[in-house]
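Let me begin by presenting the structure, written as structure tokens, before commenting on it.
The values are calculated or read from the model by the stated rules, or taken from the named source; none is laboratory data. The structure presented is a predicted model; accordingly, all values stated were derived computationally and were not measured. Note: ideal-geometry Cβ built from the backbone for every residue, glycine included; neighbour counts use all protein chains shown. When the accessible area is computed, the model is the full protein with side chains, heavy atoms only, and any ligands, DNA or RNA have been set aside. Shrake-Rupley method; radii C 1.70, N 1.55, O 1.52, S 1.80 Å.
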Amino acid sequence: MESLLRKYLWLIDLLVLGTCAVFLARAAASAVETRLPQTPGGVAARSTKAAPAPVYTKQIDPILDRNIFCSGCPPIRQKPDDDKDKIVDTPPQKTGLPLALLAIMYAPPPHGFKWSVAIIRDTENKSVGAFAVGGHVHSAKVIEILETRVYIDNDGKTEFMDLFEPPASPNAATTSVVAQVAPAPGTDALTIEMERGIKLIKENQYEIQRQTLESVLGNMNLLSRSARIVPEIRDGKAAGFRLYSVRPDGPFAKIGMQNGDVISAINGLEITSPEKALEVYSKLKSASHLSVGLERNGQRITKDYTIR
């Protein structure tokens, strides 16, 4: 056995030397690696973390924006300029068309859209008409009727007309003229005219001077302020016009009208539409007698007016 070991002792020495050489090589490689600079491509710079998985989306905009033939190029679609495409909402302006708003017969909801009517004069054509929502006057279209204002569509622009125009501030010249012709303080020329030209003969019978009638009918602002006229709707049909907020010193009160009265007919003509009301209005100046049928507290009353 001893002779056998001596014979192969050189082989054992060789194995021991090889093993030592492997350990020495690994130790030398580790020492050299620690002294090398940390470069992105070096071994020390390599990360052991796995690369994140690509994120997939179902949105179409990122696909359309990306240039599939050039990953580093800018997007194909350009984003719109918000300031350029922003729509400026301008408020409605007072109309410059030759139109004058004379009166409004306003019907509250839910029938307001259908039954509200505006009496508008075309000062260019010298014509007067009753217009509901959707009606065309001059070159515009009526789009909304309120109690004291009417909105129209004039070539795509929303404009309005007011029933009560603010009084213009007079200059020094006009002030001096008005001071000479104005009535005394506390008096009103039209009120004096109505007191003089409207007389109660007996119950429900009146006598009206034609000059007084023409003065009242020619002052639409006075008529609009004297009472609020609202279409009376019954079972979805027009039954006349009801008076609200009748002023005691106004023309309606002077001829015996009261708050809540429903005017249903004039001279036998039933007022069931704005067109018929306008027709009656146009005949008032030439009529010599008016018979007005109205309802008051559920009772029918007829008032007769003789025009001299």
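Descriptive notes on the structure:
- Criterion: under 39 Å from the mean Cα position of the chain (by Cα) and in a helix (DSSP H, G or I) - qualifying residue of LEU294, LEU278, LEU243: LEU278
- Residue check for GLY256: more than 32 Å from the chain's Cα centre (by Cα) and open to solvent by less than 40 Å² (accessible area, probe 1.4 Å): yes
- Within the range 107-118, tally of residues that are farther than 19 Å from THR158 by Cβ and either at pLDDT 80 or above or among the acidic types (Asp, Glu) (or both): 1
- Among residues that are open to solvent by less than 80 Å² (accessible area, probe 1.4 Å), on the phi < 0 side of the Ramachandran plot, touching a residue at least 12 places away in the same chain (Cβ under 8 Å) and not polar (S, T, N, Q), ARG296 is included.
- Residues within the range 297-308 that are out of contact with any Ser or Thr (no Cβ under 9 Å at 6 or more places or on another chain) and part of a loop (DSSP other than H, G, I, E, B), tallied: 2
- Scanning the range 99-114 for residues that are open to solvent by 40 Å² or more (accessible area, probe 1.4 Å) and in contact (Cβ under 8 Å) with a residue 40 or more places away in the chain yields TYR106, PRO108, HIS111.
- Residue in the range 251-267 that is part of a strand (DSSP E or B) and touching a helix residue (DSSP H, G or I) at 6+ places or on another chain (Cβ under 8 Å) present: yes
- None of ARG228, ARG210, ARG242 is of a type outside the set (Val, Ile, Thr) and farther than 23 Å from GLY129 by Cβ except ARG210.
- On the stretch given as the range 120-159, residues that are open to solvent by less than 30 Å² (accessible area, probe 1.4 Å) and farther than 20 Å from PRO91 by Cα total 6.
- Just one residue in the set ARG66, ARG149 is at pLDDT 80 or above and of a type outside the set (Phe, Trp, Tyr); that residue is ARG149.
- Figure legend. Inter-residue proximity from the range 224-235: first residues assigned to a strand (DSSP E or B), second residues open to solvent by 90 Å² or more (accessible area, probe 1.4 Å), beta-carbon distance below 9 Å, spacing 6+ or different chains. Indicated pairs: ARG228/GLU147; ILE233/LYS114.
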